[in-house]
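First the structure, in the form of structure tokens, and then the observations on it.
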Amino acid sequence: MTFIMGISTAVIFGGGLTEGASGVSKKDILIGSAGDKLTESVADKLPFVKQWRSIGAETGSKTGEPVVNDVYISEERLLDVSERSLSSAVNFAKAVNSFDKSYGGTLYFAAIPTSTGIYGDNLPSYLSSVTEKQLTDRLYDEIDGNIRKIDAYTILKMLSENYICCRSDTKWTSYGAYCVYRTVIQKLGFIPISYDKYTIRHVTDNYHGNLYSRTGYMESKADILDIYEYNDGTEIIECVGTDYDGVSKDIGLYDIDAVESGNPYNLYLGEPMAFIKIRTTVNNEKSLLVIGDETADCFIPFLTKHYSEIAFISADRCGENIKEYVDTDLYEQAVFLVGLDYITEKY
């Protein structure tokens, strides 16, 4: 894997797959034993996979072996139990340190735990591997001391009795993002907006996330996607997304239509882009660069009340071409905000 400006480049090749050629049987799909043979995207193209997954999930949960495609099924939520390695933390820390050496401003770092990191304490011992707390500790130990670290894990863990993580997805909820925002924005030099000033709009209460997609477990609890609105007079002047092919278009902080699409989480910032530039009416001439994965999507809107300009670089899509999208030295502050699942999958 090559690290350029602290971002990794990943290439995925797709193609046709038949049962005989792959060595994957319907039984493999049913009980989730084909994890190393079959990617989720390819599996979804095979006939009846979603039906088989659903049957497998229901069967497993009722026979005392509630694991399907590396997802543990409990009454309350779905949890990702994929294998993790401390080497991922080491490799990603090297990428962050490399970026910092070429960046002239102040760099902050926050690794965001998944739902497994917050609620995985009671998983059966045979599913225990490297914990997200161990990953976080190793990651922060490896990151250079001049980078300002923000402990999102402890913040969320202390609030675990609240609705801070999705039940059917690895990601946090908007409320979880808000709880971390309060700390991040103070580290960046601002006073956070208090919770009672927001009007919270429940856009949908029927969101089924990435863990549901991997299991098809019909009895899993759906999630709520929220928008936090605060009318302080601040307006968005410009919100432009640029994809890896260089094509730019006007977008919004929210895409309501996405809720009825195949990927409802695109409610936040719309379809994935390599680079998003946001300009606001905040009159302080302060600028911020955010480097993150999909985890950061619902976090970005909270920042728009504090900065004249925000640039959001997708760690997943920009790869080695980061300088084609933004001159990082134009931003006096930068934040890495990434999910631990991104780190373990990509590094």
Matching residues, the range 258-277, being more than 15 Å from Ile300 (Cβ to Cβ) and β-branched (Val, Ile, Thr): Val259
Report whether or not Tyr103 is surrounded by 16 or more Cβ atoms within 10 Å (Cβ to Cβ), hydroxyl-bearing (Ser, Thr, Tyr) and outside any helix (DSSP H, G or I). yes
Taking interchain pairs and intrachain pairs at least six residues apart, which have beta carbon atoms under 8 angstrom, with the first residue in the range 191-204 and closer than 19 Å to Ile256 by Cα and the second loosely packed, with under 13 Cβ neighbours inside 10 Å? Tyr198/Glu229; Thr199/Glu229; Thr199/Asn231; Ile200/Glu229; Arg201/Glu229; Val203/Ile256
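Would you pick out the residues in the range 174-201 that are farther than 15 Å from Thr234 by Cβ, over 20 Å from the mean Cα position of the chain (by Cα) and surrounded by fewer than 18 Cβ atoms within 10 Å (Cβ to Cβ)? Break it down into steps so the answer makes sense when it comes.
Within the range 174-201, the first condition is being farther than 15 Å from Thr234 by Cβ, and the residues that meet it are 174-184, 186-189, 194-196, 200-201.
Now restrict to residues that are over 20 Å from the mean Cα position of the chain (by Cα): 186-189, 194-196, 200-201.
Listed by number, the residues that qualify are Gln186, Lys187, Gly189, Ser194, Tyr195, Asp196, Ile200, Arg201.
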Go through the residues of the range 113-123 one by one and say whether even a single one is buried (at least 22 other Cβ atoms within 10 Å of the Cβ), among the hydroxyl-bearing types (Ser, Thr, Tyr), at pLDDT 95 or above and not in a helix (DSSP H, G or I). yes
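Within the range 80-97, which residues are part of a helix (DSSP H, G or I) and not small (Gly, Ala, Ser)? Spell out how you get there, then give the answer.
Filtering the range 80-97 for residues part of a helix (DSSP H, G or I) gives 86-97.
Result: Leu86, Val90, Asn91, Phe92, Lys94, Val96, Asn97.
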Strands (runs of 3 or more DSSP E) lying entirely in the range 218-332 (those with 1 or more residues that are out of contact with any helix residue (DSSP H, G or I) (no Cβ under 8 Å at 6 or more places or on another chain) and under 18 Å from Tyr178 (Cα atoms)): 223-229, 287-292
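Would you be able to say whether some residue in the range 164-173 is assigned to a helix (DSSP H, G or I), in contact (Cβ under 8 Å) with a residue 24 or more places away in the chain, out of contact with any helix residue (DSSP H, G or I) (no Cβ under 7 Å at 6 or more places or on another chain) and at negative phi? So that I can check it myself, show each step before the final result.
Let us first name the residues in the range 164-173 that are assigned to a helix (DSSP H, G or I), namely none.
The answer is no, given that none of the residues of the range 164-173 is assigned to a helix (DSSP H, G or I), in contact (Cβ under 8 Å) with a residue 24 or more places away in the chain, out of contact with any helix residue (DSSP H, G or I) (no Cβ under 7 Å at 6 or more places or on another chain) and at negative phi.
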Applying the selection to the range 133-162, what residues are touching a residue at least 24 places away in the same chain (Cβ under 8 Å), surrounded by fewer than 16 Cβ atoms within 10 Å (Cβ to Cβ) and either assigned to a strand (DSSP E or B) or β-branched (Val, Ile, Thr) (or both)? Arg148
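The values are calculated or read from the model by the stated rules, or taken from the named source; none is laboratory data. None of the values given here were measured: they were computed from a predicted structure. So basically every Cβ, Gly included, is an ideal-geometry build from the backbone, and we count neighbours across all protein chains shown.
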